[in-house]
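Every number here is computed from the coordinates shown, using simple stated rules; none is lab data. If you're wondering where the values come from, they're calculated on a predicted model, not measured in any experiment. For neighbour counting, all protein chains shown are included, and Cβ atoms are generated from backbone atoms with ideal geometry for every residue, glycine included.
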Ligand code: SF4
């Protein structure tokens with residue numbers, strides 16, 4: 001929890017270790033805060049990833065895993081809405097990845113992020129058969145979800161998505177519900193809803209905004225959420241709220257598994273429906289064509305993207321923090337915030353997160369509460385709170 005100076009050189013060059021594959025560039029619903037359609041260039045891409053691109057992609061994945069002895073190589077199928085690609089294509093890619101795994105010895109776990117509207121028994125059978133993990137976008141109860149997640153005709157999608165989430169939970173398919181935080185509501189609105197649906201694994205994500213924007217404060221919401229999480233898990237761990245567990249992981253000095261929390265390089269590689277390769281997908285929040293590179297899987301091996309200037313600029317920016325972050329006591333845990341939230345037209349990524357004040361308050365609150373729960377036993381058996389046991393206490 002100390003304010004060590006960040007050292008970008010500590011991160012050695014590693015092979016690309018996961019892929020985000022855009023299998024569909026269109027969506028079947030019209031969410032108001034979707035970053036994807038902030039970038040009009042997505043309309044220039046084919047609607048779906050075709051057979052020729054899939055064939056080449058699988059060749060590139062195998063080539064990558066033969067060259068680089070990785071233990072696993074996760075693939076996330078994404079969109080637009082990825083289920084528009086069709087269940088047969090999901091079976092096809094999953095079977096092909098099993099073949100690559102058996103030839104290379106590298107596990108290829110497949111995940112999908114979906115709005116859930118199209119999920120039916122065929123999809124559940126497919127997820128189950130191939131152990132595909134599912135992230136389903138569900139913003140808690142209907143009055144919160146339907147304010148933003150609507151059909152193109154303006155109707156709410158909550159009923160369809162809740163139905164899908166309950167189906168996933170009832171089949172025991174490894175699923176996580178992804179909500180976007182709306183700080184105008186209370187954290188209990190979300191927590192009570194997910195408990196009632198039987199969903200014990202979920203995230204309430206920080207809303208996307210660049211440093212040029214002025215989003216509402218989120219600290220009170222997340223400090224309240226942390227309190228609820230603590231109460232729910234006081235006797236045994238029953239509820240996992242991803243952002244809370246990731247922040248605690250980072251505060252305790254470990255590497256958080258998600259990219260938005262902690263100081264580490266963001267090295268995501270995105271393959272588009274035409275086989276072109278892009279930098280971190282969510283950076284398109286910065287505007288038209290911002291993530292575009294000159295690379296594609298027909299002409300380039302997966303790892304070659306590491307030399308592509310725009311990809312490299314985003315990767316390097318993720319570990320080169322601005323002055324304020326470099327001297328912040330939560331630098332290691334916070335890492336300057338989620339990379340897209342640091343972007344401004346004037347300074348590029350050389351800013352603290354647009355949520356800096358909130359993040360500071362959230363980490364400070366969490367640290368103080370955690371410390372009040374940590375005890376050490378001294379030689380002789382005396383049990384002291386960690387604050388009282390520290391030198392100078
Ligand atoms: S964004 Fe704010 S809280 Fe996070 S490391 Fe930078 S200065 Fe600290």
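Just a few scattered comments:
- Ranked 255, 104, criterion: other C-beta atoms within 10 Å, fewest first: 255, 104
- Counted residue by residue at 0.36 nm each, then reduced by the alpha carbon distance between them, the extension gain from residue 213 to residue 131 reaches 25.6 nm.
- Antiparallel bridge percentage (DSSP; both residues within the chain; nearest 5): 30 percent
- The range 8-324 shape via C-alpha gyration tensor axes, a/c threshold 1.5: rounded
- Förster radius 30 Å - calculated FRET efficiency between residue 230 and residue 383, Cβ distance, rounded to 0.05: 0.90
- Modelled label reach - residue 143, point 7 Å along Cα→Cβ, the range 158-202 residues with backbone N closer than 11 Å: 185-186, 189
- Ranking of 91, 158 by neighbouring Cβ atoms within 10 Å, starting from the fewest: 91, 158.
- Degrees between helix 356-373 axis and first principal axis of the chain (Cα, 0 to 90, nearest 10): 60 degrees
- Helix 187-197 vs. the chain, principal-axis angle (Cα, 0 to 90°, nearest 10): 60 degrees
- Length added when fully stretched, residue 51-residue 346, from 0.36 nm per residue minus Cα-Cα: 102.1 nm
- With neighbour counts taken as other beta-carbon atoms within 10 Å, the residues 247, 366 rank, fewest first, as 366, 247.
- Three-way shape call for the range 145-285 based on the alpha-carbon gyration tensor, with the a/c threshold at 1.5: rounded
- Axis of helix 158-170 versus longest Cα principal axis of the chain: the two differ by about 80°, to the nearest ten degrees.
- The chain - mean residue ellipticity at 222 nm from DSSP helices (-39,500 (n - 2.57) per run, n ≥ 4, rounded to 500): -11000 deg cm²/dmol
- Residue separation of residue 13 and residue 102 scaled by 0.36 nm, minus their Cα-Cα distance, works out to 29.4 nm of gained length.
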